[in-house]
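**Q** What follows is a structure written as structure tokens; I'll ask about it next.
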Amino acid sequence: MDFLTLLQVLDTSVRLATPLLLACLAGLYSERSGVVDIGLEGKMLAAAFFSAAVAFYSGNAWVGLLAGVGASVALAVVHGLASITFRGNQLISGVAINFLAAGMTVLVAQSWFRQGGRTPPLEGDARFNPIELPFAIGPTDAAAADRPLSQLIAEAGPLQQFYSELISGHSSLVYLALLTVPFTWWLLFRTRFGLRLRAVGENPAAVDTAGVSVVWLRYAAVLLCGVLCGVAGAYLSSALQAGFVKDMTAGRGFIALAALIFAKWRPVYALWACLLFGLFQALELRPDIIENVIGLKVQVQLLGALPYILTVVILAGFVGKAIPPKASAEPYIKER
Amino acid sequence: MTAPAIELKGISKAFGPVQANKDISISVQPGTIHGIIGENGAGKSTLMSILYGFYKADAGEIFIKGQKTLIPDSQAAIRAGIGMVFQHFKLVENFTVLENIILGAEHGAMLNSSLSNARKELKHLAEEYGLNVDPDEVIENLSVGHQQRVEILKALYRKAEILILDEPTGVLTPAEADQLFRILDRLREEGKTIILITHKLREIMEFTDTVSVMRRGEMTATVKTSETSPEHLAELMVGRKVLLRVDKKPAEPSETVLDIKGLRVVDEAGVERVKGIDLTVRAGEIVGIAGVAGNGQSELLEVLGGFADGTGEITMNGTALPLTGHGADGQARRAAGISHVPEDRQREGLIMEFAAWENTVFGYHHSPEIQNGILMDNNGIYTEAEAKMQRFDVRPPDPKLAAKNFSGGNQQKIVLAREIERNPDLLLIGQPTRGVDIGAIEFIHQQVVNLRDQGKAILLVSVELEEILSLADRVVVMFDGHITGERVASQTNEKELGLLMAGITDTSAVANGNGGNENSTQEVHADG
Amino acid sequence: MDKMPKWADIVLIPLISLFLAAFFSALVILAIGENPIAALKLMVDGALMRSAGWGYTLYYATNFIFTGLAVSVAFHARLFNIGGEGQAMLGGLGVALACLYIDWPHWSLAILGASVGAACFGALWALIPAYLQAKRGSHIVITTIMFNFIAAAILNYVLVELLRPVGAMDPASAKFPEAVHLPTFQDMFSTEGSKLFRGAPANVTFFLALLACLVVWVLIWKTRLGYEIRAFGESETAAKYAGISPVRITVIAMLISGALAGMMSVNTTMGESERLILNSTEGAGFIGIAVALMGRNHPFGVLLAAILFGFLYQGGAELALWTSIPRELIVVIQALVILFTGALDNMVREPLEKLFIAMRRRNA
């Protein structure tokens, strides 16, 4: 495999890792506060639909993004009501939210567009288009030279190839997702909010007796989770792809959950876990590459299942132990 | 006279039909240690929770330094200068001491400045009150005593003027308890006001300036400690002069039933809790194990009952019992003739959601006489449960009622009926009267003595010295996983046992060998 | 005293939750410009007013009985088995192997063999998460979710690479032999004069499902094992005290649960498609969660809830056929039922408890 092919695979990995990363960080906020969220999938899906639909009507991807975040946050509020206010079973709530999103998106899509549960394709500003970084070779250069972009890049030096192929040319949401990692780290470990958030996931009674509201902290975390899931969903339908199709999250919410466990609920590890799982997905699209590199035919099904298998192995504690926040999934009932 | 540091007027609080606090008024002078004593369930904790903003009182007023103050939540309590040290600490275990101290009382939104401020402040507090703790140590690596210090530091860091401690010595070794009281003395000297909630008369008598007694939700008296006596306080606590002397003949022990040699138990966290003990229990005697909670007694019972692993040798009626694996589970123990009334009846002895009748075979559900082919003989179990509940005077005598709907005493009777009527060779019984009303205590004690008189062996574990002294024939004291002494119950006293419980084996100064002094009155007055 | 009479807990709360779910569903139907009353009438007509409608309703109900029982058995041990879907998928593989590679003389023997195959494969797929939960403390909800995806990958691989007949395009096994064809309701109940259940897929497996209800009821409430499962579910510490091994109960409860989920595939794979296809489970494993919640984990409740969901499924198909309301409406209803009976239980329960306490006080 040559350097350029490697760059192409990594480029695809980054693009596929982005929704995972956003959803994974979303889950991180929620679970660090003690609210388990297996409804990441549903929130992403709802956001994917509403952002695509509104982007289609408004012709503006950012307006679509807002709508997607709004839909995701609405579901997050339902999860908050169930798990915080009414102290219900957080897992069951997550399951319900996944189905609610799966059903509602198709129902509304059918009602609005009558195209079998999809939105019309998004074009132009209704999508998040790639950003060309300064000095990178991009479509404008290709247009100027009147030659295919791939040819221009193939002729460039390795550093320029690396810069143009892998670093440049992603949509703004990709860079946003990457920036969310250090931001989350900073918020969690360097601010008062982060201290309280981590505390409420470990021992809510300690937070409560210290005079801080457990309910509001957890709602804040669940809402943050909603916002990030919303961005993840919008990215899926209006950056990675051009429009919404039924069930388009395709289990990404669960892969994000797996990545979160894999990352042991830490933001920087989450980045690596998501890039790894993104790589698996990229390779799933190009099974020929693995065959060329290791000389063995690897089943695409195995690649698809690898994140899940790895997570089970991690959960089983055979390779490093994943210990969730102590108060995970437990509603806080005030008692002495 | 200065305004009281804190004054409660006419506080009432009901939980459904239960009146937890009835028209309570109390006034605490600044710079004093004020004790609140009462049995479990007397309403002490509810009252303090109201003061700390956890519950809202149905009626009544709170005055802090003469100012009427509303305390709707913990935040308000902290603002009013109230700090609380709960019985179960409210610490984030994987945070450092410093992080725990600033939690909720940070200076500004950034952590760094908060942490450096707190570090300075902590150094200052440590010097002023002798409260030394490493600020960068993680909580889970600290001893219980040090964790409690962190709780006190948390309160002081929040500029608390009034410090409430709820049963602070329950989990401490005697040495740690002494250190705690030295710290409290120091705080009092500095002008802080301390409210000490306890059911231990000794602590009240030794360390408080004034004491209030609670009984069944009411404040029965507030007196100067120097003007009262333990006997008087006990009487106020239980409402009548109780002399629950257990009516029993001298024991007539015969052959050895249980023989323990070199038993060691390591708990799940990897801490050795029982450190090589030897113990025998003979037929026809009650052996009482005394000790501060957490000195290995619970683990001893768990190994004997078959729900913890151990190493060493245990023989029962001459046959060795396995200490690990399938052969050492509760089923095997029951088959070997051991019955077990566990320390925590709600979490271990009963399934709270099950009906009483289902609970009457819990642990014995494999017994052949209650099977009907491959099914359980539910009708038979029900009929037998009805009869059992009659015999043990369980009220209400309704086998269909879920266990959670019975009072503590009646729950205990259900467990007792199940375990005693199995006709065991050895009965293990832990904290038999914890959370049990006075009326039922007498009945429960009598049942245990009757079993002894039928020639059964009984191993009793209790943290209530009075109970041990009145019920046991032989007393074994455990401290830090070791047995520090063994005494004949009728020839020892609370003081001597107290020294043994603190790990001091030289008791010649207090042992008088001729049947105890005035402290060994076999009253049951605390923690009914 | 209990806060509420038992009947309120068992009947009233599920009914109120169902009503809330129905109410919100009606709002959804209104919002997309259809008439909820007309929709309900269409559903009732299509699912209940003709024998063929019942034939579909009971076919779906059969699936949901199995998966509902699967979830509820695990629930009794306080294990949330979210992996019914994956267990059912592998159960289908068990059915297919039994039907394709064993020469059955008669369907009655074949259904026994296929049931054993389905149960074994389903149980096996539940065994690993159960073992990991019991021995390594890996959260069973997460592992069973992961196992759903792994099962889908395995099934995909097996169908594409191993079981697909040479030359066939779609990922499916060969057609099962004629000998293992299960009698449908049409075969069983039609007479010369009147054709009943025409073309409907309901088959003899429905009676197997009824039998499963009975067996689970006896197991949970009449046997020592059931006693131990319930005791363990209520309190693990108490179970240890009583000598009930948590590892043993966790594993056994999940094996039973997995076996029941797997047996669903007898109905779909052997009773309906008569070959193994990729998506034969169609989310029935997840509907089991709604069914178990709605049926309050009691086999009789599960039966009723399964029939209700069977009705919704068939009615939903009718709606999709005659109106612009897509089938996904049932997914929404299912979500709302799970939400209200499961996650928002306290929202319904707490006001009701207050009401009963107030009523009691007035009567006293």
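**Q** I need two numbers for the stretch B:141-186: Rg to one decimal and Dmax as a whole number, Cα atoms only, in Å.
**A** Taking only Cα atoms of the stretch B:141-186, I get Rg and Dmax of 10.5, 29 Å.
**Q** Taking amide H positions as placed in the peptide plane 1.01 Å from N, state which residues far from B:Met214 in sequence (5 or more) or on other chains have amide H under 5 Å from it.
**A** Long-range HN contacts for B:Met214: B:Ile37, B:Gly38, B:Thr220.
**Q** Accessible area lost on pairing C with B, both sides, 1.4 Å probe, Å² to nearest 100?
**A** 2300 Å²
**Q** Still on this structure: Could you give the C-alpha radius of gyration of the stretch B:57-113 expressed as a fraction of 2.2 N^0.38 Å, taking N as the number of residues it contains?
**A** Ratio of Rg to 2.2 N^0.38 Å for the stretch B:57-113: 1.45.
**Q** Looking at the protein assembly as shown, send over the antiparallel percent of its DSSP beta bridges, to the nearest 5.
**A** 60 percent
**Q** Explain nothing, just compute: Karplus ³J(HN,Hα) = 6.51 cos²θ - 1.76 cosθ + 1.60, θ = phi - 60°, for every residue of the stretch A:245-250 in order, whole Hz, x for Gly and Pro.
**A** 10, 3, 6, 6, 5, 6
**Q** Show which aspartates and glutamates lie in cross-link reach of C:Lys3 when reach means a straight Cα distance below 16 angstrom and same-chain residues fewer than eight apart are skipped.
**A** Leaving aside aspartates and glutamates fewer than 8 places away in the same chain, those within reach of C:Lys3 are B:Glu353, C:Asp345, C:Glu350, C:Glu353.
**Q** If you restrict to DSSP beta bridges whose two residues both lie in chain B, what percentage is antiparallel, to the nearest 5?
**A** Given both bridge residues lie in chain B, the antiparallel proportion sits at roughly 55 percent.
**Q** Then there is this: Dividing the Cα radius of gyration by the Kirkwood radius, what Rg/Rh value follows for the protein assembly as shown?
**A** 1.00
**Q** Ignoring ligands, DNA and RNA, what accessible area per residue does the stretch C:219-283 give at 1.4 Å, in Å²?
**A** Heavy-atom SASA per residue in the stretch C:219-283 reads 27 Å².
**Q** On to the next question. Which of rounded, prolate, oblate describes the stretch C:218-330, given a ≥ b ≥ c as roots of the alpha-carbon gyration tensor eigenvalues and a/c under 1.5 marking rounded, otherwise prolate only if a/b is larger than b/c?
**A** Since a/c reaches 1.5 and a/b is larger than b/c, the shape of the stretch C:218-330 is classed as prolate.
**Q** I've got another one for you. Show me, for the stretch B:373-383, the HN-Hα J-couplings you get by feeding each phi into the Karplus relation (A = 6.51, B = -1.76, C = 1.60, θ = phi - 60°), rounded to Hz, glycine and proline as x.
**A** x, 7, 9, 8, 7, 4, 5, x, 4, 4, 4
**Q** Using a Förster radius of 30 Å, what is the FRET efficiency between A:Glu123 and A:Ile309 based on their Cβ-Cβ separation? Nearest 0.05, please.
**A** The computed FRET efficiency comes out at 0.15.
**Q** Just the number, please: percent antiparallel of the DSSP beta bridges in the stretch B:6-238, rounded to the nearest 5.
**A** 55 percent
**Q** Name the long-range amide H neighbours of B:Met376: under 5 Å, sequence gap of 5 or more, or other chain; modelled H, no Pro or chain starts.
**A** Answer set, sorted by chain and number: C:Thr223, C:Arg224.
**Q** How many Å² of accessible area per residue for chain B, probe 1.4 Å?
**A** 40 Å²
**Q** Rounded to the nearest 0.05, what FRET efficiency do A:Leu159 and B:Glu121 give with R0 = 56 Å and r taken as the Cβ-Cβ distance? Could you check?
**A** Given R0 = 56 Å and the Cβ-Cβ separation, E is 0.60.
**Q** So what are the stretch B:398-500's ellipsoid semi-axes, whole angstrom, largest first, if each one is the square root of 5 times an eigenvalue of the alpha-carbon gyration tensor?
**A** One finds semi-axes of 27, 16, 12 Å for the stretch B:398-500.
**Q** Relative contact order of the stretch B:348-421: what whole-number percent is it, with Cα pairs under 8 angstrom and at least 6 residues apart?
**A** 43 percent
**Q** By what distance, in whole Å, do the Cα atoms of the stretch B:304-363 stretch along each of the three principal axes, largest value first?
**A** Between the extreme Cα coordinates on each principal axis of the stretch B:304-363 lie 37, 19, 18 Å.
**Q** Take each of the peptides B:266-274, A:167-175, B:58-66, average the number of other beta-carbon atoms within 10 Å over its residues, and list them starting from the highest.
**A** A:167-175, B:58-66, B:266-274
**Q** How well do other chains shield peptide B:363-373, expressed as the mean number of their Cβ atoms within 10 Å of each residue Cβ?
**A** 3
**Q** Another one. If you count only protein heavy atoms with a 1.4 Å probe, what accessible area per residue comes out for the stretch A:1-141, rounded to a whole Å²?
**A** On a per-residue basis, 33 Å².
**Q** So, one more: Kindly provide the pair-distance distribution of chain A built from C-alpha pairs, with 10 Å bins from 0 and whole-percent values in order of increasing distance.
**A** Answer for chain A: a P(r) of 6, 24, 31, 24, 11, 3, 0, 0 percent.
**Q** Ignoring ligands, DNA and RNA, what percent of the 1.4 Å accessible area of chain A is carbon and sulfur?
**A** Ligands and nucleic acids excluded, carbon and sulfur reach 66 percent.
**Q** Among the lysines, select those whose C-alpha is under 19 Å from the C-alpha of B:Lys200, and discard any that sit fewer than 8 residues away in the same chain.
**A** B:Lys44, B:Lys224, B:Lys241, B:Lys495
**Q** Classify the stretch B:6-238 from the C-alpha gyration tensor, please: rounded if a/c falls under 1.5, else prolate or oblate depending on whether a/b exceeds b/c.
**A** Taking the square roots of the gyration eigenvalues as a ≥ b ≥ c, the stretch B:6-238 is prolate.
**Q** Give the average, rounded to an integer, of partner chain Cβ atoms located within 10 angstrom of each Cβ in A:306-312.
**A** Going residue by residue through A:306-312 and averaging, the value is 6.
**Q** Under 25 Å Cα-Cα from B:Lys261, which lysines qualify once same-chain neighbours fewer than 8 residues away are excluded?
**A** Qualifying lysines at Cα under 25 Å: B:Lys275, B:Lys456, C:Lys240.
**Q** Now a separate question. Could you estimate the translational diffusion coefficient of chain B from the Stokes-Einstein equation, with Rh from the Kirkwood formula over C-alpha pairs, at 25 °C and 0.890 mPa s, in whole µm²/s?
**A** For the chosen part, D equals 98 µm²/s.
**Q** Would you please put B:22-33, B:220-231, C:292-303 in order of how densely packed they are, using the mean number of other Cβ atoms within 10 angstrom per residue and starting with the highest?
**A** C:292-303, B:22-33, B:220-231
**Q** Let me confirm one metric for peptide B:321-334, namely the mean number of other chain beta-carbon atoms within 10 Å of its residues' beta-carbons.
**A** For peptide B:321-334, the averaged partner shielding equals 2.
**Q** For the stretch A:79-179, take the alpha-carbon Rg, divide it by the Kirkwood Rh, and send me Rg/Rh.
**A** 1.23
**Q** State the Cα centre-to-centre distance between the stretch A:205-266 and the stretch B:420-494 in whole Å.
**A** Each part's Cα centre sits 55 Å from the other's.
**Q** Rounded, prolate or oblate: which one fits the stretch B:321-399, using the alpha carbon gyration tensor with axes a ≥ b ≥ c (rounded when a/c is under 1.5, else prolate when a/b beats b/c, else oblate)?
**A** oblate
**Q** Which value, in Å³ per residue, describes the convex hull spanned by the Cα atoms of chain C?
**A** 173 Å³
**Q** Can you tell me, using C-alpha contacts under 8 Å and at least 6 residues apart, the relative contact order of chain C as a whole percent?
**A** That works out to 34 percent.
**Q** Using Cα pairs closer than 8 Å and at least 6 residues apart in sequence, work out the relative contact order for chain B, in percent.
**A** It comes to 15 percent, rounded to a whole number.
**Q** What do you get for the angle between helix B:408-420 and the principal long axis of chain B? Use alpha-carbon atoms, 0 to 90 degrees, nearest ten.
**A** Result, in degrees: 30.
**Q** Number of Lys-Lys pairs in chain A under 21 Å by Cα, sequence gap 8 or more or different chains?
**A** Close lysine pairs under the 21 Å cut-off: 4.
**Q** Could I ask something else about it? Quick check: the angle from helix B:111-129's long axis to the longest principal axis of chain B, C-alpha only, nearest 10 degrees?
**A** Tilt of helix B:111-129: around 80 degrees.
The values are calculated or read from the model by the stated rules, or taken from the named source; none is laboratory data. Bear in mind that the values here come from a model prediction, so they are computed numbers and not experimental data. Cβ sites come from the backbone with ideal geometry, for glycine too, and all protein chains shown count toward neighbours. Just the protein is used for accessible areas: all its heavy atoms, side chains included, with ligands, DNA and RNA removed. Shrake-Rupley method; radii C 1.70, N 1.55, O 1.52, S 1.80 Å.
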